[in-house]
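**Student:** Handing you this structure, nothing more for now.
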Amino acid sequence: MWHALPPAPLSSESRLSEESSTSMRLRSSRQTVRVFGTAESHQAVKGVNDCPTLTELNDDCLLLICERLSIDDQWSLLQLDERLGQLVLRIWCRKYAQHFDCGREQLLKRLSAKEQSQLLHLLCSRTRALLNLNGSSGGCRQWLNRKRKCLAHMQRMSFVESGAWVLHRLPAICPNLVHLQLGLGEGITPVDLHLLFGQLKHLRVLELQPGWSCPRPWTDIKYGETLESLKLPACLVRATATEIMRLPRLRRLTGFLCHKHTDDDKANAVGSDAAGATISACLKALQDSRGPGNGHGHGHEPPACQIVGLHLQCQLDSSLLRLMVETGSGDTFRLHRFAWHSQLTVHYDVSDGSIKWLPQQPRAAHALLPFLADQADSLRELDFTRNVHATTTFLSLLREQQKQQQQRLGYGYREFSVWHDACPRMTATTPHSDPDRDTDADTDTDAEQTNDLAFVTLELQHLSNEQRIRARER
């Protein structure tokens with residue numbers, strides 16, 4: 001039987017030879033690694049030295065870099081280098097082509113008046129709209145005073161606040177404006193507005209919020225025939241309601257309740273008799289616009305315009321409720337939409353000197369129900385968002401009265417949209433859409449900016465001859 005024998009031990013000479021061979025292989029390997037490592041290091045250093053500088057990049061690369069910078073850094077590049085400045089202007093042409101919102105860019109607050117004027121000068125020729133300008137700032141004044149070239153492409157401008165000098169200077173610079181928001185207007189007189197309407201021939205939307213010194217009286221104002229939306233101080237609406245209701249294209253009229261107490265305007269920011277007086281003036285102007293009777297037992301022709309929407313952001317005082325109930329459903333008041341956003345009252349506690357915000361009494365909200373029931377045949381949408389009175393009890397009573405009124409008129413029960421703060425956020429996405437409703441994309445933004453103001457808004461519908469005939473026969 002064969003057995004494997006262990007390997008014979010190496011002689012001393014063999015062991016020395018093998019160790020010498022292994023040592024030589026290791027030294028050779030270390031030298032090879034060292035040589036290759038040195039070559040790679042030289043190649044990396046050479047690559048760094050060959051990298052182009054910022055100014056050596058082509059325009060496409062620089063545009064990609066500059067687009068990712070903030071407007072503060074872009075403004076710095078604009079001052080630093082002519083080539084980089086031209087690239088920044090190309091970016092602004094594309095980025096701000098539709099509008100530039102000064103209220104959202106903090107850069108303007110950090111610039112001097114001269115730099116603000118320079119920035120506005122560069123932007124005004126590259127955008128169609130400048131928003132939230134501060135008409136009282138030094139930068140805006142310098143820009144308007146120094147601007148000589150006509151900006152025929154400018155279609156919209158809005159100011160946080162403005163004055164008479166803005167109204168005098170603006171038409172010469174931007175003659176084709178279609179949308180103008182003047183913000184808080186201080187020192188603006190009827191003469192200033194008359195000149196403005198006479199020079200801006202394409203103006204469709206105008207907004208002027210009440211300042212703390214509304215001039216009296218508001219007379220001798222000729223409104224532009226192209227106006228479709230007017231947002232004015234309530235005192236101005238009441239004083240010129242006859243002229244306003246004659247505008248052939250007007251679809252939306254808002255009256256901001258004035259801040260200051262006067263003899264005939266006792267309303268403050270939370271509303272009082274001014275809301276009722278404003279609606280009453282508009283109703284009277286519409287009724288006065290009716291033609292003479294047709295000789296067939298009808299005392300008057302139907303009005304050429306109906307109120308189809310009513311939007312209240314104020315308190316409901318007794319005069320407003322009485323007016324709405326007495327008006328009821330008719331040729332003039334035929335509501336498709338109604339909205340009420342309540343504002344809270346201020347209560348001063350004499351015992352401890354504290355100030356508390358309290359809602360109106362529930363009876364004020366319940367007094368609306370008869371008026372809304374009278375509009376049941378035409379009403380399609382109710383909006384009670386931002387309203388503490390839209391409780392479960394109130395909404396249940398509302399639906400019950402609407403159902404009873406429709407049955408009394410011989411209609412089957414017809415569902416209508418009701419929007420309130422308890423609506424599920426996933427289902428209550430957008431209110432009821434209507435072709436007659438103002439669908440301007442900026443409506444939601446404007447609403448957010450006026451959430452703290454008290455106002456009354458009327459939506460108007462101009463009737464065709466066929467519609468007036470049907471209204472006469474009804």
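No lab work stands behind these numbers, since they all come straight from the coordinates. The structure displayed is predicted, hence computed values, not measured ones. Cβ: placed from backbone, ideal geometry, glycine included. Neighbour counts: every protein chain shown.
**Student:** Taking just the C-alpha trace of region 56-97, give me its Rg and Dmax in Å.
**Tutor:** When restricted to Cα atoms, region 56-97 yields Rg and Dmax of 9.3, 29 Å.
**Student:** Next question. Between His99 and His366, how many nm apart are label points set 7 Å from Cα along the C-beta direction?
**Tutor:** 4.3
**Student:** With each pseudo-label sitting 7 Å past Cα toward Cβ, what's the Glu415-Leu122 distance in nm, one decimal?
**Tutor:** It works out to 5.5 nm between the two label points.
**Student:** Oh, and also: Residue separation times 0.36 nm, minus the C-alpha to C-alpha distance between Gln287 and Glu186: what's the value?
**Tutor:** So the chain would gain 33.0 nm between Gln287 and Glu186.
**Student:** Want the number for Gln407 to Arg322: 0.36 nm per residue separation, take away the alpha-carbon distance, what's left?
**Tutor:** 28.1 nm
**Student:** P(r) for region 69-125, please, calculated from all Cα pair distances in 10 Å bins and given in %.
**Tutor:** All Cα pairs, binned at 10 Å, distribute as 22, 63, 15 percent.
**Student:** Taking only the C-alpha atoms, wrap a convex hull around region 124-174 and report its volume per residue in Å³ as a whole number.
**Tutor:** 70
**Student:** Once the Cα gyration tensor of region 99-209 is diagonalised, what are the square roots of 5 times its eigenvalues, in whole Å and ordered largest first, as equivalent ellipsoid semi-axes?
**Tutor:** Listed largest to smallest, the semi-axes of region 99-209 are 21, 15, 13 Å.
**Student:** While we're on this one: From Cα coordinates alone, what are the radius of gyration and Dmax values for region 148-233 in angstrom?
**Tutor:** 12.0, 36
**Student:** In nm, to one decimal, how far is the modelled label at Thr242 from the one at Ala152, with both set 7 Å along Cα→Cβ?
**Tutor:** 4.0
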